[in-house]
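Have a look at the structure below, then the notes.
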Amino acid sequence: ADNKRLRVSKACDSCRRKKKRGPPKGYIEAIEARLHRMEGLLGGLVKDKDPRAEIVRAELDAMAREAEMTGLKLRRSKAYEEINHVSHRRVSLNHQRSDSHAGQSHHQNQALRESDHHRGSSGFSASGNGSSLDMGYRHYNNAGNGYPMDSHRMVTHRPSLTAHHLSNSLTGYMRIPESVNKDEALIMPSIDVIDHLLDVHFRFIHPVLPMLHFRAISDQIHRKESPPSHLLFAVLGLAARFSDNSAFRVPQAGIELPPCAIFYERAKYFIKDEYDNSQIATVQALLLMAVQQMGFCESQRAWLYVGMAIRMAQDLGLNREPSESELTRNRLQCELRKRTWWSLFVVERLVCAGLGRPLTITHKDCEAGFPQLEDDDNDIMDSGTLATRPMVMSNFSHLIALSKIQGNILEFIKAKSNSSANCRVDTSAAAFSLLDKSLTEWRQSLPESLQNPTAQSPQFGLFLHLTFNTLIILLHRPEVPTSQTSASLCTQAAATICDITQILMDAKALTSMFISCLYAIFSAGIIHFMNIPSMHCSHTMSAKTNLKRCIDALKFLASHWVSAARRAKVLEDLLDLKHVSLK
């Protein structure tokens, strides 16, 4: 009995090493199920005649060839063979179809041209009020000319500005048949729409970001050439947000996105091929796309676009002063390099102020001087007529100086909130007073025409005062709980922002103000909300009235900018949270 062997539950080291372990239970079945599901999806794409299936098949073929080059033998599944068979059959049918319809295309094109002539060549509707645009979409089915309705793709070449009878006159969007040559595929809107949006850009965006030269880009377009695709679409996409024609911001028949979003998507599509090739046009496009994303509630993407633009600009040396030989060789190009760099400087501070992110561009990085050359008097179009646009660069210099102060304020606030021993930024009371003094000196240095914001002030002057009062709030708001002076300055600045907003509303010019006005109005609304629980009844009523003005202005801007509606909702949620009624 003593020699009876007992079974133990734990194996010895020797036995454990000999035992072979496989995958967990059910793992193989799960992998097979996922593989069958993937094959089913690919087969479904083929049966639906979706052109994306060809892209997937091409990528799978490339992966298979790469694997076979390493000596790995692959087993072709039934779904893969089906994709191959259907794809090759479709290619042969396309060749037959293009030959059979070659004789018909001339007659169809002639009929469509006559139809376009009756509709009008400008792209605007025949209603007479110009409030809507003729979309002009034409869909074709297999019974008509052999062009499948669900077969479309994006052309990836530099677009031609020659009119095409199949395109939409507003966005240039068209369903591109498989048999159409790339050179014939138009992806641009009509020339009248381009002229309209360029006019909008140079009237409302150019004074704040004067990166482009009107005559250069206009001459290219009217010579039937094209600026870089990503830059032109970025210009059109942002300008469409400022246009007084709401058709640019409303999805059209048969398309999910509004034209302004289509322009942005195309700019994003074309710019991905330019990341490895630093060009000033790419920097400008990234900057315009960043501004548009700020209005789409995509501030993080805007910050990333600005960061990419900064690195590319530094790679191009835009932050450096051009040499005498460069100035002699091409003075205009040197001027545009300066304008682009300082536009980037301004936008980065606006984005970082809204997000609370650290700055990338420091003062020591800015070796380039301020822009000096003014545009020619006849360089700016206004509603089809030539108009003067003096002192753009002089006004822009005031904005650059204010943006420098803004950068100093952002660094001061960040350093004070971190309170790190390694911080090299002075956060003393003297430094705070110096920042406040620099704002006062900046305002006193303005020319007399820009000193006070009134109904007679130029629009850029009102923009400068919106930004100035926003910086007063940015600097003093952290001190409001402990300083009556800071509280008074914030209240006064918020009231001024409301007054400027009302001036713009009365002049029907608020929607043409640069996007940073959203941040200004929201900052003023926060101050008015903080002032509601006041011991003085008159102060409480004034704060409620001004807060309502801020919310109404943001809701009014929501038709142009998605982020305006979100900011208005935040202010309303704060009121609900504190159970405050504005009535």
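Observations on the model:
- Reduced Cα scattering model of the range 433-482, Debye log10 I(q)/I(0), q = 0.14, 0.15, 0.18 Å⁻¹: -0.40, -0.45, -0.61
- Sum of side-chain charges, THR454 neighbourhood, beta-carbon under 15 Å (Lys, Arg +1; Asp, Glu -1): -2
- Each residue of the range 330-345 was assigned a 3J(HN,Hα) from its phi angle through the Karplus expression (A = 6.51, B = -1.76, C = 1.60, θ = phi - 60°), giving 8, 5, 5, 5, 5, 5, 5, 5, 5, 4, 5, 5, 6, 5, 5, 4 Hz with x at Gly and Pro.
- Accessible area in the full protein assembly, largest first, 1.4 Å probe, for GLU265, GLU348, GLU32: GLU32, GLU265, GLU348
- Here the extension length gained between LEU35 and ALA507 equals 163.7 nm, from 0.36 nm per residue of separation less the Cα-Cα distance.
- Where VAL250, VAL193 fall by accessible area, highest first, once all protein chains stay in place (1.4 Å): VAL250, VAL193
- Whole-Hz couplings from phi, Karplus 6.51/-1.76/1.60, listed for the range 491-508; x for Gly and Pro: 4, 5, 5, 5, 5, 5, 4, 5, 5, 5, 4, 5, 4, 5, 5, 5, 8, 6
- Between ASP573 and ALA455, full extension at 0.36 nm per residue minus the direct alpha carbon distance yields a gain of 39.2 nm.
- Distance from the range 196-216 to the range 258-330 (C-alpha centre basis), Å: 16 Å
- Near GLY407: Cβ cut-off under 14 Å, other residues only, Lys/Arg at +1 and Asp/Glu at -1. The net charge is +2.
- If you bin all the Cα-Cα distances of the range 447-583 at 10 Å, starting from zero, the percentages per bin are 13, 43, 35, 9, 0.
- What you get for the range 233-325, charging only the Cβ of Lys and Arg (+1) and of Asp and Glu (-1), is a dipole of about 240 debye around the Cα centre.
- Taking MET505, MET541, MET393 and ordering them by how much accessible surface each has at a 1.4 Å probe, largest first, produces MET541, MET505, MET393.
- Once the Cα-Cα distance is subtracted from the 0.36 nm per residue extended length, the LEU434 to ARG329 segment shows a gain of 33.6 nm.
- For the listed residue pairs LYS338/LYS414; LYS404/LYS437; LYS338/LYS364, the alpha carbons are over 20 angstrom apart in LYS338/LYS414.
- Note on LEU304 and GLU367: their simple-model spin labels are 3.2 nm apart, each label 7 Å out from Cα toward Cβ.
- Taking other residues whose beta carbon is less than 13 angstrom from the beta carbon of GLN292, and scoring Lys, Arg as +1 and Asp, Glu as -1, yields +3.
- Sequence-distant contacts, meaning Cα pairs under 8 Å at least 6 residues apart, place the relative contact order of the range 502-583 at 27 percent.
- Prolate/oblate/rounded call for the range 250-328, Cα gyration tensor, a/c under 1.5 rounded: prolate
- In Å², nearest 10: area of THR485 left accessible to a 1.4 Å probe: 90 Å²
The values are calculated or read from the model by the stated rules, or taken from the named source; none is laboratory data. Please read all numbers here as calculations on a predicted model, not as lab measurements. Neighbour counts run over all protein chains shown; Cβ positions are idealised from the backbone, glycine included. Protein only, heavy atoms only, side chains kept; ligands, DNA and RNA dropped before computing areas. Shrake-Rupley method; radii C 1.70, N 1.55, O 1.52, S 1.80 Å.
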